[in-house]
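Q: First, the structure itself, so that you have it in front of you.
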Amino acid sequence: MALSVREYRARIKSTESMKKITRAMELIAASRIIKAQQRAQSAAPYARELTRAVSAVATYSNVDHPLTREPENPQRVAMLIVTSDRGLAGAYSSSVLKEAERLAEKLRGEGKHIDTYLCGRKGEAYFRFRGRPVVRAWTGFSDQPSYEAALEVGTTLIDAFLDEEGEHAVDEVHVVYTRFRSMLLQEPTAVRLLPLEVVEGEERPASDEVLPLYEFEPSAEAVLDNLLPQYVQSRIFFAFLQAAASELAARQKAMKSATDNADELIKKYTRIANQARQAGITQEISEIVGGVNALADAQAGSE
Amino acid sequence: MAEHLHVELVAADRTVWSGEAEMVIARTTEGDVGVLRGHAPLLSVLTDAVVEISTADDGVVVAAVDGGFLSVANDRVSVLSQRALLPEEIDVDQARVELEEARGLIGASDEAERRLRRAEARIRAVERAS
């Protein structure tokens, strides 16, 4: 209760303006998240058709492609970590990074060397601050990923994977991103992207509906050659879209609790300020009353 | 058997066109291919070119695709491409500039040739539509 009423008023004011800011950010995140979900939905048909095509080829030809070949003794792995560009999203970036650390720990335990690739300024800052080497970092698209961005990242990773001898040649590629489960739940996930495993997500064809016997033009190998890189890129794009939706959801949640906290703080300060004001008034009154009494006593004494 | 082909033209980030059609003409690496009802299952690699869809209601949808795939099975046709543009989304002047630029670079790299083909495909798509 050391501060004057005026100082408490100033605090209330600044908390109020903070609340306005966090409230605005919350609303922005809420409106963007709908867009992000729509983007994820409109990207789904492409991924679905691509998966169908890949599984068609995989079913009717011997899949032996550099992208699916398991290296015998993986020594070096690449790890792509998808973080956000901006903060104020609660624990979003740090939980992805934590998951990445866990994966790195496990890979190191298996005696593998890790090349780190990053997306998002937060991850970049985290690694730079700790002075850890990063092979490449991409920034500037975390909340609105474009397919071009995914294409660039995908090409780089595929090149590193196919490269046999180079400085950054790797035998495996892992991706750590945040999966968007619902508005309330986003979980950091680590998946192995390359070498590709048997196609996932394809529902078993019903017994009467066998996958048709495709003709491949120019040849099954050529189709596969074209198909697999695009499949990989589409997986990366999917990871980006999920991460973007998760980031916005995390931001909305963080900003909502910030707004609630500001509300509480304002209430508390208002109460203290009122108390301080009341105390001031009480003191003034008691001073006046005291003064009047003293005067009355003095007069009574002189009479 | 369905009356028409069910066609889906999908780009990486959206469905560009989807509906019933009489015929689909696309350019694969082996040459032009036309798909009618009852076509044998086919999976084929496309080049950067124009895809033409004759819709069930006698219309024509043209789109410029940047490579991709054509997959046909059970009267379902999917045209997959990382990027597919409808004529109204194409900036013809920009495509012309691109065409000239790529012509100047031709022979230098495969990339230039690709750009040339892409630009040509776009201009052709617009011309076909108008």
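Q: Can you say whether A:Ser93 is in a helix (DSSP H, G or I) and surrounded by 14 or more Cβ atoms within 10 Å (Cβ to Cβ), as far as the supplied structure shows? Give the steps one after another, and end with the answer.
A: Details: in a helix (DSSP H, G or I): yes; surrounded by 14 or more Cβ atoms within 10 Å (Cβ to Cβ): yes.
Answer is yes for this residue.
Q: Can you confirm whether A:Thr68 is within 14 Å of chain B (Cβ to nearest Cβ), β-branched (Val, Ile, Thr) and either outside any helix (DSSP H, G or I) or crowded, with 16+ Cβ neighbours inside 10 Å (or both)?
A: no
Q: Something else: Which members of the range B:56-74 meet the condition of being surrounded by fewer than 18 Cβ atoms within 10 Å (Cβ to Cβ) and either in contact (Cβ under 8 Å) with a residue 40 or more places away in the chain or more than 14 Å from chain A (Cβ to nearest Cβ) (or both)?
A: Answer for the range B:56-74, where residues must be surrounded by fewer than 18 Cβ atoms within 10 Å (Cβ to Cβ) and either in contact (Cβ under 8 Å) with a residue 40 or more places away in the chain or more than 14 Å from chain A (Cβ to nearest Cβ) (or both): B:Ala56, B:Asp57, B:Asp58, B:Gly59, B:Val60.
Q: Among the residues of the range B:22-38, write down those that are more than 10 Å from chain A (Cβ to nearest Cβ) and either within 15 Å of the chain's Cα centre (by Cα) or within 17 Å of A:Tyr214 (Cα to Cα) (or both).
A: From the range B:22-38, those more than 10 Å from chain A (Cβ to nearest Cβ) are B:22-27, B:32, B:34-38; that's our starting set.
Within the range B:22-38, B:Met23, B:Val24, B:Ile25, B:Ala26, B:Arg27, B:Asp32, B:Gly34, B:Val35, B:Leu36, B:Arg37, B:Gly38 qualify.
Q: Surrounded by 13 or more Cβ atoms within 10 Å (Cβ to Cβ), free of Cβ contacts under 8 Å to residues at least 12 places away in the same chain and assigned to a loop (DSSP other than H, G, I, E, B) - does that describe any residue in the range B:6-16? If you could, list the steps in order and put the result at the bottom.
A: Within the range B:6-16, the first condition is being surrounded by 13 or more Cβ atoms within 10 Å (Cβ to Cβ), and the residues that meet it are B:6-16.
Adding the requirement that they be free of Cβ contacts under 8 Å to residues at least 12 places away in the same chain leaves B:13-15.
Add one more test, that the residue is assigned to a loop (DSSP other than H, G, I, E, B), and what stays is B:13.
Yes, the range B:6-16 has at least one match.
Q: Now for a different question. Which numbered condition in (1) basic (Lys, Arg); (2) within 14 Å of chain B (Cβ to nearest Cβ); (3) touching a residue at least 60 places away in the same chain (Cβ under 8 Å) is the only one that A:Arg48 fails?
A: Among (1) basic (Lys, Arg); (2) within 14 Å of chain B (Cβ to nearest Cβ); (3) touching a residue at least 60 places away in the same chain (Cβ under 8 Å), A:Arg48 violates only (3).
Q: Scan A:Ile33, A:Ile81 and give me the residue that is in contact with a Gly (Cβ under 8 Å, 6 or more places away or on another chain), buried (at least 17 other Cβ atoms within 10 Å of the Cβ) and more than 14 Å from every other protein chain (Cβ to nearest Cβ).
A: Details: A:Ile33 fails: in contact with a Gly (Cβ under 8 Å, 6 or more places away or on another chain).
Checking each option against the conditions leaves just A:Ile81.
Q: Only one of these conditions is not met by B:Val79: (1) buried (at least 20 other Cβ atoms within 10 Å of the Cβ); (2) under 27 Å from A:Gln38 (Cα atoms); (3) at pLDDT 90 or above; (4) more than 14 Å from every other protein chain (Cβ to nearest Cβ). Which number is it?
A: Evaluating B:Val79 over (1) buried (at least 20 other Cβ atoms within 10 Å of the Cβ); (2) under 27 Å from A:Gln38 (Cα atoms); (3) at pLDDT 90 or above; (4) more than 14 Å from every other protein chain (Cβ to nearest Cβ) leaves (4) as the failure.
Q: Further question on the same structure: Do any residues in the range A:180-191 that are in a loop (DSSP other than H, G, I, E, B) have Cβ atoms under 6 Å from those of residues that are surrounded by 12 or more Cβ atoms within 10 Å (Cβ to Cβ), where the two are at least six apart or on different chains, and which pairs are they?
A: A:Met183/A:Ala249
The values are calculated or read from the model by the stated rules, or taken from the named source; none is laboratory data. Since this is a predicted model, take the numbers as computed values, not measurements. Heads up, the Cβs are rebuilt from the backbone with ideal geometry, glycines too, and the neighbour counts pull from every protein chain shown.
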